[in-house]
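First comes the structure, then the notes that go with it.
Read-outs throughout are calculated quantities, based only on the coordinates presented, and are distinct from any laboratory measurement. All values reported here derive from a predicted model rather than from experimental measurement. Cβ placement follows ideal geometry from the backbone for every residue including glycine, while neighbour counts extend to all protein chains displayed.
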Amino acid sequence: MDKASLSVIIPMYNEAENVAPLVEGLKRALEGWHGFLEIIFVDDGSTDGTLEALKRAQECEPRIRIARFGTNQGQTAALAVGFRLARGSVVVTLDGDLQNDPAEIPRLVELLDGCDVVCGVRLRRQDSWWKRVSSRIANAFRNWATGDNIIDTGCTLKAYRREYLEGLELYRGMHRFLPTLLKMRGARVIQVPVSHRPRLHGRTKYGTWDRLWKGLADVWAVRWMKKNHIDTRATLELIESPAELRRTTS
Ligand code: UDP
Ligand code: MG
């Protein structure tokens, strides 16, 4: 894997005020990056000037690419578009609201040396008490139902070897199950503590109840997928006739 080739993907929904400080933070964090680098912002149908702010940032930083949905499609769709556009061998995702620190990107990429996916775990999470509790319940239920051990699936700060994302079919809400889905594809997943910062500008896009119910209902889909998963890596023997072998090797 060429670790020097990096695509950073950031979903943005009404994050206008966060664009400039985020781009500054990314530039600082990746100053010493020698290889290929692209920063893919996916504007998920923002109505607050996010697109204009991104275009302004792009004028000074040509490595910024912008994809835009005309209407809000949700965080999974935004990430899925980023995955499709990514050209680096390594993909890092983070939130566009400055709650994740771009300074952690190089460390996460380094950790891919021994695995395929690195999931951040927000240690001292800077969200309301209620949000932390509901997220803990959701994570516990998800892990119980899918037989997994992902501590903080809601942490967008993650690093991936891109080959594991190729051809991945995602549905609305599935970003919460990415580590579980990628394990099904054979990915080695590790979890590492990352920092977390309070949201200073803009508002969270999720209410507690809608997220909790949707997240809990989706668990059954992933449970079903895991139970019925067809492992295409299973040992497979193909027995051809000698005539066919002669035909394909000549
Ligand atoms: N986001 C998005 N589309 C959505 C909802 C959220 O692109 O429909 C983005 C949002 O702009 C942010 C990230 O996903 O960059 C996480 O959203 P948010 O900060 O609201 O989630 P929270 O931190 O409250 O869990
Ligand atoms: Mg946030």
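Numerical summary
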quantity: Charge-dipole axis of the chain as Lys and Arg at +1 and Asp and Glu at -1 on Cβ define it, positive-most pick from 193, 13, 49; calculated: 193
quantity: Segment 20-67 versus segment 163-205: alpha-carbon centroid distance in Å; calculated: 20 Å
quantity: Estimated [θ] at 222 nm from DSSP helical runs (n ≥ 4, -39500 (n - 2.57)) normalised by residues in the chain, nearest 500; calculated: -12000 deg cm²/dmol
quantity: Helix 75-85 axis, angle to the chain major axis (alpha carbon atoms, nearest 10°); calculated: 60 degrees
quantity: Beta bridge orientation in the chain: antiparallel %, DSSP, nearest 5; calculated: 25 percent
quantity: Dipole axis of the chain (+1 Lys, Arg; -1 Asp, Glu on Cβ), positive-most option in 181, 157, 73; calculated: 181
quantity: Shape call, segment 169-215: gyration tensor on alpha carbons, a/c limit 1.5; calculated: oblate
quantity: Surrounding net charge for residue 86, when Lys and Arg each add one and Asp and Glu each subtract one, Cβ distance under 10 Å; calculated: +2
quantity: Along principal axes, Cα extents of segment 36-192, largest first, whole Å; calculated: 46, 36, 29
quantity: Acute angle (nearest 10 degrees) that the helix 50-60 long axis makes with the longest principal axis of the chain, alpha-carbon atoms; calculated: 80 degrees
